[in-house]
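What follows is calculated from the coordinates using simple rules that are stated; it is not laboratory data. In this text, all values refer to a predicted model and were calculated from it rather than measured experimentally. Cβ: placed from backbone, ideal geometry, glycine included. Neighbour counts: every protein chain shown.
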Amino acid sequence: MIVKHCADCNLVLGRIHIVNGEGNTNANIMLIGESPGHSEDKYGTPFIGRAGKYLRSVLKEVNIDINDCYLTNVIKCKPPRNRLPTNFEIGRCYNHLVKEIVTVKPTIIITLGSTATKVIFQNMNIRIGDVRGRRYNNTECNYIFSTYHPSAALKDKSYRKLFKEDMKEISKVYKSIKYR
């Protein structure tokens with residue numbers, strides 16, 4: 001599950017670290033973002049920058065235990081200038097993400113942002129606004145929820161409100177499965 005060496009795409013040329021997923025490998029919740037940012041690349045840990053701190057604060061606010069979460073990204077290396085990952089880069093990292101999902105076996109997958117949503121739904125034309133705030137069932141886990149990426153929520157107050165609403169709804173489902 002841990003990627004130690006990879007040169008499958010050109011992202012190897014500009015990265016500092018491969019940023020593997022991290023957290024409880026028996027987690028009920030897997031949160032999937034797009035790609036590592038500057039802080040994540042610098043330290044090799046997912047979701048530790050500004051957006052990650054905001055994500056953690058919202059999880060705490062809605063009573064989702066971070067110790068019952070696994071945090072990862074669609075791709076494991078930071079794209080230059082924080083651009084979107086290309087389909088080629090996503091394809092090269094896809095097997096790593098699948099291995100994480102199979103290993104963790106989360107009950108809930110939360111896709112953070114459009115890239116993660118497109119990859120998990122295997123539909124590159126899907127729009128986050130069309131699926132956010134809804135619960136979907138699938139064979140890899142019991143539920144998939146899609147919401148805005150925490151970085152988008154930090155930039156746009158209207159997304160912040162929707163992000164928190166989504167996380168509150170996810171928390172209700174989380175509590176119902178955690179205490180079964």
- Can you give the angle from 0 to 90° between the axis of helix 87-104 and the longest principal axis of the chain, with both taken from C-alpha atoms, to the nearest 10? 50 degrees
- Apply the Karplus parameterisation 6.51 cos²θ - 1.76 cosθ + 1.60, with θ equal to phi minus 60°, to every residue of the stretch 108-117 and state each ³J(HN,Hα) to the nearest whole Hz, in sequence, with x for glycine and proline. 10, 10, 10, 8, 9, x, 6, 4, 4, 5
- Query: Considering the alpha-carbon set of the stretch 119-180 alone, what are its Rg and its Dmax in angstrom?
  - Reply: 12.7, 37
- Message: Checking the cross-link filter: which lysines have an alpha carbon closer than 28 Å to that of residue 4, excluding same-chain neighbours under 8 positions apart?
- Response: 42, 53, 76, 78, 99, 105, 118
- Message: Placing unit charges on C-beta atoms (Lys and Arg positive, Asp and Glu negative, everything else neutral), compute the dipole magnitude of the chain about its Cα centre in debye, rounded to 20.
- Response: 420 debye
- Rounded to whole angstroms and listed largest first, the alpha-carbon spread of the stretch 61-127 along its three principal axes comes to 35, 26, 23
- Query: At what distance in nm do the modelled label points of residue 103 and residue 66 sit from each other, each positioned 7 Å from its Cα along Cα→Cβ?
  - Reply: 2.1 nm
- Message: Projecting each Cα onto the charge dipole of the chain (Lys/Arg +1, Asp/Glu -1 at the beta carbon, about the Cα centre), which of 66, 121, 90 comes out farthest on the positive side?
- Response: 66
- Could you give the Stokes-Einstein D for the stretch 1-65 in µm² per second, using the C-alpha Kirkwood radius, 4 °C, 1.567 mPa s? 98 µm²/s
- What's the FRET efficiency of residue 158 with residue 50 using the Cβ-Cβ distance as r and R₀ = 22 Å, to the nearest 0.05? 0.75
- Message: Nearest 500 deg cm²/dmol is fine: what mean residue ellipticity at 222 nm does the chain get from its DSSP H runs of n ≥ 4 alone, each adding -39,500 (n - 2.57), divided by its residue count?
- Response: -12500 deg cm²/dmol
